[in-house]
1. Could you tell me how many of the residues in the range 264-293 are of a type outside the set (Val, Ile, Thr) and over 18 Å from Pro425 (Cα atoms)?
2. How many residues are among the acidic types (Asp, Glu) and either touching a residue at least 60 places away in the same chain (Cβ under 8 Å) or under 24 Å from Arg47 (Cβ atoms) (or both) if we restrict to the range 454-483?
3. Among the residues of the range 400-422, is any modelled with pLDDT under 90, of a type in the set (A, V, I, L, M, F, W, C) and crowded, with 17+ Cβ neighbours inside 10 Å?
4. Could you tell me how many of the residues in the range 353-362 are touching a Leu at 6+ places or on another chain (Cβ under 8 Å) and closer than 10 Å to Arg409 by Cβ?
5. Regarding the range 46-61, can at least one residue be identified that is crowded, with 18+ Cβ neighbours inside 10 Å and within 26 Å of Ala462 (Cα to Cα)?
6. Among the candidates Pro425, Pro420, single out the residue that is touching a Pro at 6+ places or on another chain (Cβ under 9 Å), in contact (Cβ under 8 Å) with a residue 24 or more places away in the chain and closer than 25 Å to Val292 by Cα.
7. Just name the residue that is surrounded by the most Cβ atoms within 10 Å (Cβ to Cβ) out of those in the range 151-204 that are touching a residue at least 12 places away in the same chain (Cβ under 8 Å) and polar (S, T, N, Q).
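The values are calculated or read from the model by the stated rules, or taken from the named source; none is laboratory data. Because the structure is predicted, anything quoted here is derived from the model rather than measured. Reconstructed Cβ throughout: ideal geometry from the backbone, glycine too, with neighbour counts over all protein chains shown.
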Amino acid sequence: MDATPERAQTDYTLPPEFVLLDSMDFSDIAEQLHFNPVEGRIWLQDRRMALLPVEVLGAMRREMIDSLGLEGTRRLITRLGYTAGSRDAELAWKVRGHQSQLDIIAAGAQFHALEGFVKAEPVHIEIDNHRGYCYSEFLWNDNCEDEIQIANYGVGHEGACWMGIGYTSGFLSKIMGKRILAREVECRAMGQAKCRVIAQPVENWDDPEEDLHYLQVAPPPSRVMVGAAGVKENNTPLANAASTAAEPQSASPILVGSSVSFTAMLHKVHRVATTRATVLLSGESGVGKSAVAREVHGWSNRADKPFVEVNCAAIPEQLLESELFGVERGAFSGATESRAGRFEAANGGTLFLDEIGILSFSAQGKLLRVLQSGEFERLGSTRTIKLDVRVVAATNEDLPKAVKEGRFREDLFYRINVFPIHIPPLRERRDDLPLLIEYFTKRLSALHGRHVPGIMPRALQAVLNHKWPGNIREFENVIERGIILADDGESLDLRHLFSVDSNFAHSSLMRLTESGMLAKSDALANAAEGTQACAASSPATLEDWARGAVRQQGAHLADVEDALVNAAMSAANGNVSKAAALLGLTRAQLDYRVKRNGNGSNGRGHAMHTD
């Protein structure tokens, strides 16, 4: 093994602030980590995490070695590390894509430290993008893999940082766009004081095959996006996945998700879609029953036939039968001509009956006959019409309870309840929220001609924590209104989301403080507390006030501007001209800021008025 490979002629000298990672600003990395102990969830931006004791990882490693052998375990753990590093590289691009390549590489070491594996100390880094060359040398301090190996097997003759080696290889390979191989040349598990790791392109190693067989890496698990056009698998970063989802090959809504509850529901949809069975969709209002019904139709052998949707609750009861089954001329006053109903329009295809629970008993009887025999008569006619229609029904009502109360026919309930599918509410699909954010942001930005690149971490916290009583419908509306409020090129932030739903402010999320302690993470409350604390301390200068606001960790520039605008409007009792004079602005300039922030009443109950 060549422990000291030949280096490139052009040396990249590390800037002083890169020598020690703990001297760099870690806040943009740390704020990606969200805790919600009430819901039992930890997030690293858009990925759900789990907090496990190192002893558990050690026990798992020991069991794997006993079952798979040393070589098999090393290969598996190294591959897992590679996948983790590759995924963290995607996150590093999101967080620091606008910064230098050194900053992005530093993010990998910081994510690895944030996740509790190791503290990395860079020794030497060379980057030559024109040649695709990268040479990195790190010292690892207190790697948890060393602790596990030494505790279980004592000091040995081989390195033990298998996951760390895979992580480094995967991270740097994704950042450089080519295969980078990391190798541990010193290890605490071999008796050295620290672990020393060298990473460079595969072709620069004399004997890369020695390590490459541990890195026969399968692609990262794909996110699955299913629509009427079929299944699409995408191994690209989440943003690209959303781009793919935002450009469906059909006009049908696309189902987006990867959570357990969503996947289980989708499995039922695809199992029943190719049959002739009647499907009953249940779930709260706004969960997407119409989209699921279209999914059933799209996967069936009727996909090229009509899909007709009827919202039974939107049609007056006296007209519902004629809408569904058609009407003959003269059947009732005003029926001046014969007209086909929705069943005839859907012949050969699928009829989706939403809110079926409100059908009258007369309509329920006719529907029962259609489902049993495929025959019916138009209103006012004795001629029997036979057709082939697959019925998908939906309701947010408890139909068994309606049967007991005599509001719904028992025989019809059992006829439509052939294959029931419950659509989970959005609060049970929290793992799908990041993917839904990407999808709706992309689609709605294009719809409204806006460029909204994404969502700020603290706004993501609020979204992850919200209960979403209105489900997908509420979620889409909030994102859409946030996009409308955001400036072109601006990511969604708290003020865009809070301006449309004050309930977002009630958060059970927690964040890391500078001292490493968990603290309540209510961004709006933090901003308000920061403003009050600064006022209470009576700073001697404006610069002192700014320092105090920054120490509160809620001093985002947009929030500071909003706070100043609100304070001025309050002091001026809602008079825009007087408030503008207090801030040294023209009336038009302040009026623009008030309207831009969505504060028609300045957001604090102070009605806006002119002179």
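1. To start, the set of residues in the range 264-293 that are of a type outside the set (Val, Ile, Thr) comprises 264-268, 270-271, 273, 276-277, 280-286, 288-291, 293.
From the residues that got through so far, the ones that are over 18 Å from Pro425 (Cα atoms) too are 270-271, 273, 276-277.
Total meeting the criteria: 5.
2. Here is the first cut: in the range 454-483, the residues among the acidic types (Asp, Glu) are 474, 476, 480.
Still in the list and also either touching a residue at least 60 places away in the same chain (Cβ under 8 Å) or under 24 Å from Arg47 (Cβ atoms) (or both): 474, 476.
Matching residues across the range 454-483 total 2.
3. The first filter runs over the range 400-422 and keeps only residues modelled with pLDDT under 90, leaving none.
No - not one qualifying residue is present in the range 400-422.
4. Of the residues in that region, 1 qualify.
5. Checked against the condition, which is being crowded, with 18+ Cβ neighbours inside 10 Å and within 26 Å of Ala462 (Cα to Cα), the range 46-61 yields at least one hit.
6. Values: Pro420 fails: touching a Pro at 6+ places or on another chain (Cβ under 9 Å).
Being touching a Pro at 6+ places or on another chain (Cβ under 9 Å), in contact (Cβ under 8 Å) with a residue 24 or more places away in the chain and closer than 25 Å to Val292 by Cα holds for just one of Pro425, Pro420, which is Pro425.
7. Thr168
To keep it simple, each residue is scored yes or no on (1) modelled with pLDDT under 85; (2) more than 24 Å from the chain's Cα centre (by Cα).
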| residue | (1), (2) |
| --- | --- |
| Gly97 | yes, no |
| Leu102 | yes, yes |
| Phe111 | no, no |
| Leu114 | no, no |
| Val118 | no, yes |
| Gly132 | yes, yes |
| Tyr135 | no, yes |
| Ile148 | no, yes |
| Gly154 | no, yes |
